[in-house]
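Peer 1: Questions regarding the structure given below will be posed in turn.
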Amino acid sequence: MLTATNLSICYGPRKALDGFNIALAPGEIRALIGPNGSGKSTALQGMAGLVKPEAGAVTIDGAPMSVMTRREIAHRLSFLPQQPTAPDEMTVEQLVRQGRFAHVGLFRRYRREDEDAIAWALESTGLAPLAERPLSALSGGERQRAWISAALAQEAKVLLLDEPTTFLDIGYQIEVLDLVHRLSRERGVTVVMAIHDLNQAMSIADRITLMEKGRVVFDGTSDALAESGLIEQVFRVEGRFVQIAPDGPPHFDVHLKRWSGKRGFESAKHAPAS
Ligand SMILES: Nc1ncnc2c1ncn2[C@@H]1O[C@H](COP(=O)(O)OP(=O)(O)OP(=O)(O)O)[C@@H](O)[C@H]1O
Ligand SMILES: [Mg+2]
């Protein structure tokens with residue numbers, strides 16, 4: 001479906017992604033986790049064909065992405081960046097309409113199926129009542145949902161989402177994850193999602209890719225990740241994995257140190273990366 005092989009991406013002399021490999025099955029949900037700066041967004045941009053890699057290749061449906069036009073890529077793949085930008089005066093509906101650009105052609109003829117996709121995308125993100133609002137008059141979470149809606153309207157078989165739940169309240173976080181789950185199971189959409197909430201990642205993902213300093217350090221199931229001891233090591237925290245439901249995913253219970261006035265967090269182990 002989508003593969004990246006030995007993908008390396010540099011910003012100037014710095015290698016932000018170093019030999020990244022991923023192979024996604026159709027309909028799979030993959031969570032991309034790792035500390036800040038570990039290369040998750042860079043990997044997603046590479047998989048979306050937005051940056052020219054130093055080395056390696058991306059294929060989609062078995063074809064190399066490097067020879068495809070933007071429109072050909074957009075038919076197959078939809079990417080929601082971590083910090084997308086649009087003109088403030090643009091309305092929610094205008095943004096979501098833009099999501100159809102790969103389908104409507106040069107003359108912007110919206111057909112019935114385009115209108116249906118737009119209505120469905122607005123509806124599934126709870127934004128139909130806000131369709132006429134300018135983006136500048138939305139809350140952070142509402143704006144994030146508008147972008148998710150635009151990505152959905154594209155109706156691509158591969159969805160790359162960079163921290164889609166960051167600004168959302170817990171209710172909408174669960175709603176977005178539920179939507180992602182339904183897209184995968186009912187429409188066979190393949191999803192790669194950078195996400196910081198480890199327990200949400202382990203609940204929803206079929207497989208997890210853990211990154212550290214531009215490299216993949218783990219690729220496997222939640223259970224295998226819990227077994228590996230890598231979470232404590234990579235994020236430099238203390239905690240333990242607990243089983244909440246007998247057949248549910250493992251749950252990471254991070255050990256929060258007690259705040260003790262002048263001394264700060266007791267024996268805080270977490271220090272900034274060198
Ligand atoms: N445009 C850029 N120019 C230079 N360096 C960059 C650029 N974008 C990212 N980097 C660097 O590349 C590395 C990987 O960044 P990336 O944004 O992929 O990390 P991330 O895992 O998505 O982090 P976060 O969890 O904070 O979103 C970091 O060291 C970052 O400083
Ligand atoms: Mg990022």
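The values are calculated or read from the model by the stated rules, or taken from the named source; none is laboratory data. From a predicted model like this one, the values you see are computed outputs, not experimental measurements. Ideal geometry is used to build each Cβ from the backbone, glycine not excepted, and the neighbour counts take in all protein chains shown.
Peer 1: Give 104, 92 a once-over and let me know the one that is modelled with pLDDT under 95, in contact with a helix residue (DSSP H, G or I) (Cβ under 9 Å, 6 or more places away or on another chain) and either small (Gly, Ala, Ser) or more than 16 Å from ligand 1 (Cβ to nearest atom) (or both). Before you say what the answer is, go through the steps one by one.
Peer 2: Details: 92 fails: modelled with pLDDT under 95.
It is 104.
Peer 1: Name the one entry in 95, 122 that is within 29 Å of residue 206 (Cβ to Cβ), among the hydrophobic types (A, V, I, L, M, F, W, C) and under 21 Å from the mean Cα position of the chain (by Cα).
Peer 2: Values: 95 fails: within 29 Å of residue 206 (Cβ to Cβ).
When all the criteria are applied, what remains is 122.
Peer 1: When you scan the range 69-134 for helices (runs of 4 or more DSSP H) that lie fully inside it, which ones turn up with 1 or more residues that are outside the structural domain of residue 150 (by TED's automatic domain parsing)? So that I can check it myself, show each step before the final result.
Peer 2: Details: elements: 70-76, 92-98, 101-104, 112-124.
Correct list: 70-76.
Peer 1: Can you confirm whether the range 156-165 contains a residue that is within 16 Å of ligand 1 (Cβ to nearest atom), in a loop (DSSP other than H, G, I, E, B), under 24 Å from residue 189 (Cα atoms) and in contact (Cβ under 8 Å) with a residue 40 or more places away in the chain? Break it down into steps so the answer makes sense when it comes.
Peer 2: Initially, the range 156-165 is screened for residues within 16 Å of ligand 1 (Cβ to nearest atom), giving 160-165.
Subset that is in a loop (DSSP other than H, G, I, E, B): 163-165.
Applying the additional criterion that residues be under 24 Å from residue 189 (Cα atoms) yields 163-165.
From the residues that got through so far, the ones that are in contact (Cβ under 8 Å) with a residue 40 or more places away in the chain too are 163-164.
Scanning the range 156-165 turns up at least one residue that is within 16 Å of ligand 1 (Cβ to nearest atom), in a loop (DSSP other than H, G, I, E, B), under 24 Å from residue 189 (Cα atoms) and in contact (Cβ under 8 Å) with a residue 40 or more places away in the chain.
Peer 1: Moving to a separate point now. Scan 108, 112, 133 and give me the residue that is surrounded by 13 or more Cβ atoms within 10 Å (Cβ to Cβ) and among the charged types (D, E, K, R).
Peer 2: Working: 108 fails: surrounded by 13 or more Cβ atoms within 10 Å (Cβ to Cβ); 112 fails: surrounded by 13 or more Cβ atoms within 10 Å (Cβ to Cβ).
On inspection, the qualifying residue turns out to be 133.
Peer 1: Then there is this: Please list, ordered by first then second residue, the pairs with beta carbon atoms under 6 Å, 6 or more apart or interchain, first in the range 33-46 and more than 7 Å from ligand 1 (Cβ to nearest atom), second among the aliphatic types (A, V, I, L, M) and part of a loop (DSSP other than H, G, I, E, B).
Peer 2: Between residues of the range 33-46 that are more than 7 Å from ligand 1 (Cβ to nearest atom) and residues that are among the aliphatic types (A, V, I, L, M) and part of a loop (DSSP other than H, G, I, E, B), the close pairs are 45/51.
Peer 1: Another question about this same structure. Kindly evaluate residue 26 against the criterion of being more than 16 Å from ligand 2 (Cβ to nearest atom), modelled with pLDDT of 95 or more, part of a loop (DSSP other than H, G, I, E, B) and closer than 30 Å to residue 203 by Cα.
Peer 2: Working: more than 16 Å from ligand 2 (Cβ to nearest atom): yes; modelled with pLDDT of 95 or more: yes; part of a loop (DSSP other than H, G, I, E, B): yes; closer than 30 Å to residue 203 by Cα: yes.
Yes; evaluated as a whole, the condition is true for this residue.
Peer 1: Step by step: first the residues of the range 191-222, then only those that are in contact (Cβ under 8 Å) with a residue 40 or more places away in the chain and of a type in the set (Asp, Glu), then the one that is nearest to residue 77 (Cα to Cα). Which residue is that?
Peer 2: Filtering first and then ranking leaves 206.
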